[in-house]
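Okay, structure first, notes after.
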Amino acid sequence: MPKIDLHSHSTISDGSYTPAELVTYAASQGVEIMALTDHDDVGGLDQARVVAEGLGMSLINGVEISVTWNKRTIHIVGLRVDPTYPELLAGLENIRAGRLTRAAAIAAELDKAGISGSLEGSMAYAKERIISRTHFARFLVAQGHAKDVKTVFKKFLVKGKPGHVSHQWADMSEAIGWIRRSGGVAVLAHPGRYDIGKTTMHGLFAAFKEAGGVAVEVVSGSHTVDQYRIFAEYARLYELQASAGSDYHGPTHNFFDMGRLPPLPSGCVPVWQDWPELERF
Ligand code: AMP
Ligand code: MN
Ligand code: MN
Ligand code: MN
């Protein structure tokens, strides 16, 4: 079985390695098939592909789309998308524009809390077309407001804390439609990360499946070992395939490293079961 990692981030969104550096790092960790899944942008895939080909790796075209379902923020990973598909590109561009508006609102909230200059300050960390809370977090750490990014997400930028704003992302079923029509498969990202009860979780899985979702991240850098088992069971119940991804953001993040994912629990149907990239193994 080749080493597969289907969730990772570069400087195109909020990762700390460029697409080229990320692919090089993944190869050094023994990863043989990887997806680059930047938040709301497919702009890193060309660069990643060139480097992957040079290293004999398979690069899967991916994206992680921020959506709203039932007033909650959910992440949908698209795998094997066509990064030139106009409807997908237009949808992602819209989300990125919304991120800019949200960033200004976050900065206004931080202003109220006595932290000024956060828009310009955070923009300096955003290398490409995406401004995210991670960039605000890096700014807040640099300004001495928290000791690390993880602490920022306890003291700021989350519900009830300074710098929080609610935001309307893309509609979940619309985003799944862009992925499907561009030839890709929609994967429910890290369900264990959502702070929702069992009833709502079942509602989410039912809505995801109904909208054309195909797979769920069972093994994720954001999941505990217990959650691998729990979401393998959800996959079975909703007849979804299973995916696996580290959600790697770079060496300075607390996320899981690349190349260390355990195999899927037995009984899971891998999302990659029919992929041509597997044939050489
Ligand atoms: P955004 O999409 O702009 O709301 O930013 C969400 C990003 O913030 C996620 O993709 C993570 O990279 C990062 N993030 C969220 N929560 C945490 C946390 N507790 N620790 C570190 N990073 C986090
Ligand atoms: Mn992120
Ligand atoms: Mn995510
Ligand atoms: Mn991610």
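Computed on the Cα trace of segment 25-74, the radius of gyration divided by the Kirkwood hydrodynamic radius gives Rg/Rh = 1.13. Heavy-atom accessible area for Tyr238, with the other protein chains in place and a 1.4 Å probe, reaches approximately 40 Å². Taking all protein chains together and rolling a 1.4 Å probe, Val50 ends up with roughly 100 Å² accessible. With the convex hull drawn around the C-alpha atoms of the chain, the volume per residue stands at 118 Å³.
Sequence-ordered 3J(HN,Hα) estimates for segment 242-247 from the Karplus curve with 6.51, -1.76 and 1.60 and θ = phi - 60° stand at 10, 10, 9, x, 6, 6 Hz, glycine and proline given as x. Of the beta bridges in the chain, as assigned by DSSP with both residues counted there, near 40 percent are antiparallel. Measure off, as a whole percent, the carbon and sulfur share of the 1.4 Å-probe accessible area of the chain, all protein chains present. Carbon with sulfur: 51 percent of the solvent-accessible area.
Whole-Hz Karplus values for segment 56-66 come out as x, 9, 9, 9, 9, 5, x, 7, 10, 9, 7 Hz, taken residue by residue from phi with 6.51 cos²θ - 1.76 cosθ + 1.60 and θ = phi - 60°; glycine and proline positions read x.
Derived value for segment 93-155: Kirkwood hydrodynamic radius 11.7 Å. Basis is the mean of 1/r over every pair of different alpha-carbon atoms.
Counting Lys and Arg as +1 and Asp and Glu as -1 over every other residue whose Cβ lies under 13 Å from the Cβ of Met258, the net charge comes to -3. What the chain shows is 44 Å² of accessible area per residue, with the surface traced by a 1.4 Å probe over protein heavy atoms.
Distance between the pseudo-spin-label points of Gln273 and Glu174 (7 Å out from Cα toward the beta carbon): 3.3 nm. Close amide-amide hydrogen proximity is noted between Tyr248 and His9, each under 5 Å apart and 5 or more residues distant or on a separate chain (H modeled in the peptide plane; Pro and chain starts excluded). Look at where the Cα atoms of segment 231-281 and of segment 44-68 average out, and the two centres are 16 Å apart.
Counting DSSP beta bridges in segment 1-150, what percent are antiparallel, to the nearest 5? Antiparallel: roughly 55 percent of the beta bridges in segment 1-150.
The values are calculated or read from the model by the stated rules, or taken from the named source; none is laboratory data. Note that the coordinates shown come from a computational prediction; the quantities given were computed from them, not determined experimentally. Every residue, glycine as well, gets a Cβ built from its backbone with ideal geometry; the counts of neighbours run over all protein chains shown. All accessible areas refer to the heavy atoms of the entire protein, side chains included, with ligands and DNA or RNA removed. Shrake-Rupley method; radii C 1.70, N 1.55, O 1.52, S 1.80 Å.
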